[in-house]
1. So what are the three principal axis dimensions of the chain from its Cα atoms, in whole Å, longest to shortest?
2. Please state the charge dipole magnitude for the chain, taken about the Cα centre, from unit charges on C-beta atoms (+1 on K and R, -1 on D and E), reported in debye and rounded to the nearest 20.
3. Taking only protein heavy atoms and a 1.4 Å probe, what accessible area per residue, in Å², does the chain have with all protein chains in place?
4. Against the longest principal axis of the chain, how steep is helix 34-47, in degrees 0 to 90 to the nearest 10, with axes from Cα atoms?
5. Can you give me the solvent accessible area of ILE78 with a 1.4 Å probe, rounded to the nearest 10 Å²?
6. What relative contact order, as a whole-number percentage, does segment 57-144 give when Cα pairs under 8 Å and 6 or more residues apart are counted?
7. Counting each DSSP H run of 4 or more residues in the chain as -39500 (n - 2.57), what helix-only mean residue ellipticity at 222 nm follows after dividing by all residues, to the nearest 500 deg cm²/dmol?
8. Would you work out if segment 79-120 is rounded, prolate or oblate? Take a ≥ b ≥ c from the square roots of the eigenvalues of the alpha-carbon gyration tensor; rounded if a/c is under 1.5, else prolate when a/b is larger than b/c, oblate otherwise.
Amino acid sequence: MGFQLPSDLRESLLCHDGDTSLLGVLPCQRLYSVAEIIEIREMRMEIWEPDSADQAETPWWGTRWVPFAGSDGDEQFIEAGPGLWHNHLGDAGHADQAYFLGWPSLGSWLHETAESMAHHDDESWFGAVPRPKVDDKGRTEWWD
């Protein structure tokens, strides 16, 4: 890619190489493997038009964004470039402008997600990530 992966993503990929489930178990869609990260980023970079006025006004993709999860062209990404948004998580839909989600790093988001899972049956617990619920078919639902 021509630059280093964010350290939280590198550490995560050393533990697993993506998520092989159909939908994923985390509230971000399915985690990508290293091969998928490269493939999806290359596809986005081929389509991206840096000189487009629309791209400058409402960005669809960034030169140092690294996809780490997603599905059907909707990507969750990490900003690997320098500046204000360095390491922050974002969302880039296939047909809409991208935006940052407010999480300063993958590690902080994964920590809050783990806390939410640990407190899934505690009705009084309130965290930054909603508690997961498991439906009668065993599927995990993260949103009320």
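1. So the three principal-axis extents are 50, 28, 27 Å.
2. My answer is approximately 320 debye.
3. 61
4. The helix 34-47 is inclined about 40 degrees to the chain.
5. 0
6. 17
7. Here the helix-only value at 222 nm equals -8500 deg cm²/dmol.
8. Judged from the Cα gyration tensor, segment 79-120 comes out oblate (a/c at least 1.5, b/c at or above a/b).
The values are calculated or read from the model by the stated rules, or taken from the named source; none is laboratory data. Values in this document were obtained by computation on a predicted structure and should not be read as measured data. All Cβ positions, even for glycine, are placed from backbone atoms using ideal geometry, and neighbour counts span all protein chains on display. In case anyone asks, the SASA skips ligands and DNA or RNA and just uses the protein heavy atoms, side chains included. Shrake-Rupley method; radii C 1.70, N 1.55, O 1.52, S 1.80 Å.
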